[in-house]
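Comments concern the structure below.
The values are calculated or read from the model by the stated rules, or taken from the named source; none is laboratory data. Model, not experiment: these values are computed from the prediction. Positions of Cβ are backbone-derived with ideal geometry, glycine not excepted, and every protein chain shown enters the neighbour counts. SASA here: full protein model, heavy atoms, side chains in, ligands and nucleic acids out. Shrake-Rupley method; radii C 1.70, N 1.55, O 1.52, S 1.80 Å.
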Amino acid sequence: MIITLKKNQNMKTEKLISTIITIIVIAIITSCSNNDDDNTIPSPAPIKSAKFEITGNYTGQFTVVYNDNVSGNTTVTVTTLPWSKTVEYPNNVIGIGIGGNTILGNPGIAGQTATLRIYNGNSVVASSTKTADANGIISFQTLAYVFP
């Protein structure tokens with residue numbers, strides 16, 4: 001009977017030790033830090049912002065094309081003034097440009113004016129003012145701006 005009692009105690013001890021070792025191993029495995037799981041929030045890419053604007057008393061319509069050195073051209077129809085568009089560019093954009101012409105079927109009136117501007121922040125960095133010709137047509141030369 002003493003032998004059976006010792007055997008039961010040894011089995012209980014072994015079982016207890018085995019359980020403790022299992023718990024320790026599980027705790028070690030689950031608590032290990034692995035640098036493969038990067039839970040940090042990535043910083044956003046730096047952004048450059050520009051605002052294009054056309055103001056004036058011109059009543060005709062424009063086809064406006066603005067672009068950058070990365071994504072190419074964007075074309076819009078401007079039906080009334082004032083008009084503005086703010087564009088955010090990724091940091092790899094170096095330069096931008098904008099130009100516009102009267103839509104031939106929708107000219108303004110001779111003598112009306114329009115001013116095309118590029119803003120960087122609150123500063124005007126490029127500007128052109130045009131007066132409609134005898135046919136009510138305005139043609140803006142391309143304005144360009146290179147970010148600092």
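A few points about this structure:
- Here TYR58, TYR89 are screened, and the one residue that is outside any strand (DSSP E or B), among the aromatic types (Phe, Trp, Tyr), surrounded by 10 or more Cβ atoms within 10 Å (Cβ to Cβ) and at pLDDT 65 or above is TYR58.
- Subset tally (residues that are modelled with pLDDT of 95 or more, assigned to a strand (DSSP E or B) and surrounded by 15 or more Cβ atoms within 10 Å (Cβ to Cβ)) for the range 67-85: 3
- In summary, ALA114 fulfils each of the numbered conditions (1) surrounded by 17 or more Cβ atoms within 10 Å (Cβ to Cβ); (2) in contact with a Phe, Trp or Tyr (Cβ under 8 Å, 6 or more places away or on another chain); (3) part of a loop (DSSP other than H, G, I, E, B) with the single exception of condition (3).
- Note on the range 117-138: residues that are open to solvent by 20 Å² or more (accessible area, probe 1.4 Å), part of a loop (DSSP other than H, G, I, E, B) and either at pLDDT 95 or above or among the charged types (D, E, K, R) (or both) amount to 4.
- Of all residues in the range 138-148, none satisfies being touching a Phe, Trp or Tyr at 6+ places or on another chain (Cβ under 6 Å), touching a residue at least 60 places away in the same chain (Cβ under 8 Å), of a type in the set (A, V, I, L, M, F, W, C) and closer than 26 Å to ILE47 by Cα.
- Selection count where residues are open to solvent by 70 Å² or more (accessible area, probe 1.4 Å) and farther than 19 Å from THR63 by Cβ, scope the range 139-148: 2
- Residue within the range 117-133 that is among the acidic types (Asp, Glu) and more than 20 Å from SER49 (Cα to Cα) present: yes
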